[in-house]
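Chemist: Just passing along the structure, written as structure tokens.
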Amino acid sequence: MKIYQRHTWPTTVDEAIKIQEQLQPEVITEDNLKQPLQYVAGVDMGFEEDGAISRAAVAVLSFPDLQLQETSIARRPTTFPYIPGFLSFREIPAVLDALEKIQTTPDIILCDGQGIAHPRRFGIACHLGLIIDIPTIGVAKSLLIGKHDDLPETRGSWQPLIHKGDTVGAVLRTRTGVKPVYVSSGHRVSLLTAIDCVLRCTTKYRLPETTRFADKLASSKD
DNA sequence: GCGACAG
DNA sequence: ATCTTGTCGC
């Protein structure tokens, strides 16, 4: 797919904050996606050479049967350090390289990390969604910001994630008796639709099949 | 000023 | 994210 950059990549945190604050108002947290969904994708990152090289992987699956449709991998030098709140500046450049090689344009992308459940409401899922103008959802394995009540052990149960008085996402149990995941709107997807999509992409494991496939590609040294 | 802190 | 074996529990 063809990608149009929205900005150049910053070197400093101050610059990065300006970009986040400038683009945040463009994030859409209401549904604006093709339905029924036909293709869902997952993206994930891996690192080589002690972190000097970033490796991005994309896996496109058919929906709702979740069969692998297409994959791509891209490598490039790592240019931004990992700083909580600025993950997108470290990972997105390589992700865009991998997405450019994809022939099957996904109807939605599940990202590894937060959407609007972020200090400035601009996590990696929002940033990626805005740049490529494709619906995105943030699915994180751990909490960045916000608080929530305890939730039942049953798969499918969830609780709102609250930050400074706003509902910024949800803590979702994707598997009975297993630690929950943190779901939030990325771009062009509402929270309820995001929760439904994550559940439908999750079968026998805690994480969505999309990110599991992307994870295998990003980790296997080949 | 003191912690917390996606991957 | 990454370094790494066995091990506890359903």
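Chemist: Looking at segment A:213-221, can you tell me whether even one residue there is more than 27 Å from A:PRO36 (Cβ to Cβ), of a type outside the set (S, T, N, Q), modelled with pLDDT under 95 and not in a loop (DSSP other than H, G, I, E, B)?
Modeler: Yes, because at least one residue in segment A:213-221 is more than 27 Å from A:PRO36 (Cβ to Cβ), of a type outside the set (S, T, N, Q), modelled with pLDDT under 95 and not in a loop (DSSP other than H, G, I, E, B).
Chemist: Across segment A:64-117, what is the total count of residues that are open to solvent by 30 Å² or more (accessible area, probe 1.4 Å), more than 10 Å from DNA strand B (Cβ to nearest atom) and farther than 26 Å from A:GLU30 by Cβ?
Modeler: Counting residues in segment A:64-117 that are open to solvent by 30 Å² or more (accessible area, probe 1.4 Å), more than 10 Å from DNA strand B (Cβ to nearest atom) and farther than 26 Å from A:GLU30 by Cβ gives 15.
Chemist: Could you please give the count of residues in segment A:157-181 that are open to solvent by less than 30 Å² (accessible area, probe 1.4 Å) and either of a type in the set (S, T, N, Q) or within 22 Å of A:VAL40 (Cβ to Cβ) (or both)?
Modeler: So the answer is 9.
Chemist: Tell me, please, whether a residue that is open to solvent by 20 Å² or more (accessible area, probe 1.4 Å), in contact (Cβ under 8 Å) with a residue 60 or more places away in the chain and within 16 Å of DNA strand C (Cβ to nearest atom) can be found in segment A:125-140.
Modeler: Scanning segment A:125-140, I find no residue that is open to solvent by 20 Å² or more (accessible area, probe 1.4 Å), in contact (Cβ under 8 Å) with a residue 60 or more places away in the chain and within 16 Å of DNA strand C (Cβ to nearest atom), so the answer is no.
Chemist: Has segment A:23-36 got any residue that is in a strand (DSSP E or B) and either within 16 Å of A:VAL189 (Cβ to Cβ) or open to solvent by 10 Å² or more (accessible area, probe 1.4 Å) (or both)?
Modeler: First, pick out the residues of segment A:23-36 that are in a strand (DSSP E or B): none.
Scanning segment A:23-36 turns up no residue that is in a strand (DSSP E or B) and either within 16 Å of A:VAL189 (Cβ to Cβ) or open to solvent by 10 Å² or more (accessible area, probe 1.4 Å) (or both).
Chemist: Out of curiosity, is A:ARG206 within 13 Å of DNA strand C (Cβ to nearest atom), in contact with a strand residue (DSSP E or B) (Cβ under 7 Å, 6 or more places away or on another chain), over 25 Å from A:ILE131 (Cα atoms) and in a loop (DSSP other than H, G, I, E, B)?
Modeler: On the way: within 13 Å of DNA strand C (Cβ to nearest atom): yes; in contact with a strand residue (DSSP E or B) (Cβ under 7 Å, 6 or more places away or on another chain): yes; over 25 Å from A:ILE131 (Cα atoms): yes; in a loop (DSSP other than H, G, I, E, B): yes.
So A:ARG206 fits the description; yes.
Chemist: Hey, another quick one. Taking segment A:37-58 as the region of interest, how many residues are assigned to a loop (DSSP other than H, G, I, E, B) and within 16 Å of DNA strand B (Cβ to nearest atom)?
Modeler: 1
The values are calculated or read from the model by the stated rules, or taken from the named source; none is laboratory data. The structure displayed is predicted, hence computed values, not measured ones. Note that each Cβ is placed from the backbone with ideal geometry, even for glycine, and that neighbours are counted across all protein chains shown. In case anyone asks, the SASA skips ligands and DNA or RNA and just uses the protein heavy atoms, side chains included. Shrake-Rupley method; radii C 1.70, N 1.55, O 1.52, S 1.80 Å.
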